[in-house]
Structures are given as structure tokens and as C-alpha cells.
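To start, the structure itself, in C-alpha cells.
The values are calculated or read from the model by the stated rules, or taken from the named source; none is laboratory data. Predicted model only: the values in this text are computed from it and were never measured. Heads up, the Cβs are rebuilt from the backbone with ideal geometry, glycines too, and the neighbour counts pull from every protein chain shown. Heavy atoms of the whole protein, side chains included, go into the accessibility calculation; ligands, DNA and RNA do not. Shrake-Rupley method; radii C 1.70, N 1.55, O 1.52, S 1.80 Å.
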Amino acid sequence: MIKQRVKQALLGSGLLRLAGKLRPQGAAILMYHSVLEDPGRVRDSLGAMIHSRSVFAGQMELIARQFSPVSLEKVAAFVRGEGVLPERAVVITFDDGYLDNFEMAMPILNRLGISATFYVIVDCVENRRLPWPSRLRFSFRTSTKKSWSDDGGQTWNLSTSARREAAYLAVCDQAAKLSGHQLEQRVCGIESQLDAELPESSGQGMMTWQQVGALVRHGHIVGSHTMTHPNLAFLRLEDARTELVESKQRMEAQLQMKVVHFSYPCPALFPNWTEQTTDESRRAGYETAVTTSAGLAHRGDNPLALKRVRPTKSVDGLRWNLESAFAGRLA
Ligand SMILES: [Zn+2]
């Protein structure tokens, strides 16, 4: 961990910026999820993946001022060897399809002229429900039960928040290997065993198809984040194929447009993509896919396995992350 003072001195000296000029050109694809006025309000369901609106606005202003915001399409062309990128190119992406992407993030992006990419979980949009990891997090955090037994006969003590978290993470590892109806059944079963189910209205925290369409009309890109948010690398090939193909077809039918961009879900377990899943995503007709592996996108990279950079929860932290990434080291 580099001390804050040293980071500030390095940023101020311009050394990192100079180092970036000596590196092969690349683009930083940032991965966001949710932007809310008051992130604490939904911490039991969404966890720590929310940016406050003021921090997000500050981060976008930083990118507009000191970096070069570009669209995913532009980076896709650059990776393929077509076209050029401005120096210090940054792409903004959002995973999952939360309503706040439309209500909170889009106005800020539009004001600054930034074209972002939004990947939606088709089942969550169609059935108005939060992604399953959020539903399970809520169940494990708020259940009044003191213990819970899983399908394998193991009993989990839920007496402290640390133990609840351990049970939740273990369940996520099991559920991430399921998809479609099986996954939904498993999640519903756990919700009822724990007697802690998110109210149906929580599904209104997801975008509708109309709102997804409005993102496109405002110049943003939309892509698929699967049907049901499994870990594709741990599914049977035919189930992974269904998630890739069906989500694409459903989006295309709803939005009346081609959908060629994809984001691999990372609900639990590692890795969340393999050579086989990248081949399948290409076969399904996708032109790009983003992962949760850390790094920049470079010319000649596999466009179906693009790396991303995680934005920290502060403006200075993001500045450090981006400068470090462009200088060739990821903090
Ligand atoms: Zn996701």
C-alpha cells in the first residue's frame, strides 16, 4: 500500500503521466454498478458496489477534464487494429441494469457528453427483480434465524454478522454454478428457508425496457449481461450457450436493434470466463465482451475478453488508479 502523501507527490510530479507516454497505448474500461444519493440505504442488498452520486459526478468530471472519454465502439475498433484512440482513453461501463443507471448516472454522463455502455441482466429487467446475489445478501443479513442448514446437510451458525457473511459467500459459490430456472428455484428456496425475502417492490430498482431503450436514444450503448447472472465458466456448455444466445435475442426483440456487446458476470468463483466461453460468446454473435480481470485494453487483445479497471469510491482514488493503470501498474 503506497501512502497517501507519496501518491499525491507522484501525481503532482507528472512522473506517472510521463511513464504512461512511454507505454503502448491502451484504454481503461471502468466498471461501475450503481449510483445512488444514499448508498447506505440499500447496503443489505447491493452491498458495497454503489457509488454516491456526488463521487460519481466528481469522477466523471475528472475523466472529462484530465482524460479522454471514448465510447466502447471506438475502443473495439482500436483493439481490432482499426482507427486511433486519443491518449488516456477511458470507457465507462455499468453492469446489471439498475434503475439508478438511468435516473442518476445518465444525466451526469449526458451533461459531460460521455457515451457509456450499460450491460443488463435480461431476466432482472423482464421480471423486475434484483440480481440473485443481492437477494441472497439481503436474506442472510436480515434473517431472524439463528442457524440455517444447506442442501448438503451443513448447518451454518448465523449468530454474528461475520458468520452470516461466511454462509452467504459459501452459498454464492454454490449458486454461481447454476443458471436459469434451477438458479431461480435455489434462490427462492433459500429466501423462504431464511424467511427473509426482499419486498417485490425492490424489483423496481431495475430498469424497464423503455428505460434501456432511452439510454440508446441518448447515444449510449447497451449490451447483455446474460439472462440470469451465473458464472459462465462453471456452467455446462449448453447452459452457457443459452445464457449468451437467449439474452441477446431477447434484447434485440425488445429494443429492435442489434446487440453485439457482452459482459461476463462475476457473481462468485474464479475465473468467470475461459477460452471456451470467449469462443462461445463470439459464436453467439458478440463483437466485444468485458471481463473483471484488471488491466487496460490494448491493440491486438481478444475483443471477447477485454480487461477492465475497478473505480474506487473516491475521486482522488480513481485518479490514482487511472494514472497507475496508464503508467503500466495497477494499484
Ligand atoms: Zn453483474
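Put simply, the C-alpha atoms of the chain give a gyration tensor, and the ellipsoid matching it has half-axes of 33, 24, 19 Å, longest first. In the complete set of protein chains, residue-level accessible area for His298 is approximately 60 Å², probe 1.4 angstrom. With N counted as the residues of the stretch 246-331, its alpha-carbon radius of gyration over 2.2 N^0.38 Å works out to 1.27. Normalised by residue count, the stretch 126-186 yields a Cα convex hull volume of 86 Å³ per residue.
The loop-placed trypsin sites (Lys or Arg not before Pro) in the stretch 1-99, going by DSSP, that have at most 11 neighbouring Cβ atoms within 10 Å of their Cβ come out as Lys3. Near Val55: Cβ cut-off under 13 Å, other residues only, Lys/Arg at +1 and Asp/Glu at -1. The net charge is -1. In straight-distance terms, cross-link reach from Lys3 covers every one of the lysines whose alpha-carbon lies under 28 Å from its own, apart from those fewer than eight places away in the same chain; here that gives Lys21, Lys307, Lys313.
How about the stretch 271-331: which trypsin sites (Lys or Arg not before Pro) there are in a DSSP loop, with at most 13 other Cβ atoms within 10 Å of their Cβ? Intermediate values should be presented prior to the final figure.
Values: sites: Arg282, Arg283, Arg299, Lys307, Arg308, Lys313, Arg319, Arg329; in loops: Arg299, Lys313, Arg329.
The qualifying sites are Arg329.
Computed over the chain with a Gaussian network model linking Cα atoms closer than 10 Å, the most mobile of Phe94, Phe270, Phe102 is Phe270.
For the chain, set up a GNM with springs between Cα atoms under 10 Å and report which of Ser54, Ser139, Ser263 has the largest fluctuation. Residue with maximal mean-square fluctuation among Ser54, Ser139, Ser263: Ser54. Residues in the stretch 26-38 carry Karplus couplings, in order, of x, 10, 9, 9, 7, 10, 10, 10, 9, 10, 10, 4, 10 Hz; the curve used is 6.51 cos²θ - 1.76 cosθ + 1.60 with θ = phi - 60°, and Gly or Pro positions show x.
One way to sum up the overall shape of the stretch 81-170 is the equivalent ellipsoid from its Cα gyration tensor, whose semi-axes run 39, 16, 13 Å, largest first. Here the 3J(HN,Hα) profile of the stretch 283-300, calculated from phi with Karplus coefficients 6.51, -1.76 and 1.60 at θ = phi - 60°, is 4, 6, x, 7, 9, 9, 8, 9, 10, 9, 6, 8, x, 8, 8, 10, 4, x Hz, Gly and Pro shown as x. Ordered from longest to shortest, the equivalent ellipsoid semi-axes for the stretch 174-315 are 25, 20, 17 Å, each the square root of 5 times a Cα gyration tensor eigenvalue. In terms of overall dimensions, the stretch 1-92 has a Cα radius of gyration and Dmax of 16.3, 45 angstrom. Quick one: pull the percentage of alpha-carbon pairs in the stretch 282-323 with a separation above 15 Å. Distances greater than 15 Å cover 50 percent of the Cα pairs.
Given a 1.4 Å probe and the protein chains as shown, Leu10 ends up with an accessible area of around 50 Å². Using θ = phi - 60° in the Karplus curve 6.51 cos²θ - 1.76 cosθ + 1.60, the 3J(HN,Hα) couplings for the stretch 316-324 round to 5, x, 5, 4, 4, 4, 5, 4, 5 Hz; x is entered for Gly and Pro. The residues neighbouring Glu37, those whose beta-carbon lies less than 11 Å from its own, together hold a net charge of -1 under the Lys/Arg +1, Asp/Glu -1 convention. Net charge of the neighbourhood of Ala294, taken over other residues with C-beta under 12 Å away and scored Lys/Arg +1, Asp/Glu -1, is +4. The H on the amide N of Val309, modeled in the peptide plane, is under 5 Å from the matching H of Ile29, Leu30, Met31, Gly295, each at least 5 residues off or on a different chain. Taking Arg129, Arg310, Arg163 in turn, the Gaussian network model of the chain (Cα-Cα springs below 10 Å) assigns the largest fluctuation to Arg163.
Separation of the stretch 146-194 and the stretch 233-268, taken as the distance between their Cα centroids, equals 25 angstrom.
Across the chain, where is the longest run that never hits GluC sites (Glu not before Pro) in a DSSP loop with at most 14 other C-beta atoms within 10 Å? Write down the numbers at each step before the final one.
Numbers: sites that count: Glu37, Glu82, Glu87.
Longest gap between qualifying sites, sites excluded: 88-331.
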